[in-house]
Amino acid sequence: MSSINPKQSIMQTLEAMPEDMRLLIVSKVGQNSHVDYFNTVLTCRSLSFRPDNPSVAKDLNLSPFVKKPLLSNQYESLMDACLKADNTDAHFVKGMIQFFQSQNQVLGLHHIHIASKSGHLQGRYIFGVLLMAIGETDKGIKIINNLTEEKGISLVED
């Protein structure tokens, strides 16, 4: 009796799926966990789940870079692919780096504003604070107040 390798069986099943269905599955994996996404990419190299695919890059969870934006400098091609796909985390991270590290406040605010308009919580908060810092106090306060009303004071304080 021949035994079937479970990994081979899964790969054959995945390879038989339509490409758009595979990409949808991987984009959802990437949206929920950057670790699971990278494990998927490593174990299924032949299936082209790379982040240069816009379906994957758009929703890819970049939370490690949101927490520590400077880490993204080591992953330039990943960040470029995510920005090209309009990933909100990527816009936030790019904005933070441009504003604070590269001293390009205009471009930094532009990217943070994109993230903010897309509902990125940290983006909304930082955008409001930065607007207050550059003298657009009323706009900044309005953004912070709206965020507080929608999400609660405890989220804003965190």
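The values are calculated or read from the model by the stated rules, or taken from the named source; none is laboratory data. Note that this is a predicted model, so its numbers are computed, not measured. With ideal geometry, Cβ positions are generated from the backbone for all residues, glycine too; neighbour counts draw on all protein chains shown. Ligands, DNA and RNA are stripped out before the accessible areas are found, and what is left, the full protein with its side chains, is counted by its heavy atoms. Shrake-Rupley method; radii C 1.70, N 1.55, O 1.52, S 1.80 Å.
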Worksheet item: Can you pull out the helices (runs of 4 or more DSSP H) entirely within region 97-158 that have at least 2 residues that are open to solvent by 30 Å² or more (accessible area, probe 1.4 Å) and at pLDDT 95 or above?
Response: 105-117, 121-133, 137-151
Worksheet item: Taking interchain pairs and intrachain pairs at least six residues apart, which have beta carbon atoms under 8 angstrom, with the first residue in region 57-83 and outside the structural domain of V93 (by the TED database) and the second buried (at least 21 other Cβ atoms within 10 Å of the Cβ) and part of a helix (DSSP H, G or I)?
Response: none
Practice prompt. Scan region 56-63 and give yes if some residue there is open to solvent by 20 Å² or more (accessible area, probe 1.4 Å), at pLDDT below 95 and touching a His at 6+ places or on another chain (Cβ under 7 Å), otherwise no.
Written response: yes
Worksheet entry | Matching entry among T88, T40 (being touching a helix residue (DSSP H, G or I) at 6+ places or on another chain (Cβ under 8 Å), modelled with pLDDT under 75 and surrounded by 17 or more Cβ atoms within 10 Å (Cβ to Cβ)) | T40
Practice prompt. Give me the pairs, please: first residue somewhere in region 16-35 and farther than 24 Å from V66 by Cβ, second residue anywhere and outside any helix (DSSP H, G or I), beta-carbon distance under 8 Å, and either six or more positions apart or on two chains.
Written response: R22/F49
Item to complete: Scan region 113-134 and report the pairs whose first residue is free of Cβ contacts under 8 Å to residues at least 60 places away in the same chain and closer than 15 Å to F100 by Cβ and whose second residue is open to solvent by 40 Å² or more (accessible area, probe 1.4 Å) and assigned to a loop (DSSP other than H, G, I, E, B), with Cβ atoms within less than 9 Å and a gap of 6+ or a chain change.
Response: L130/E136
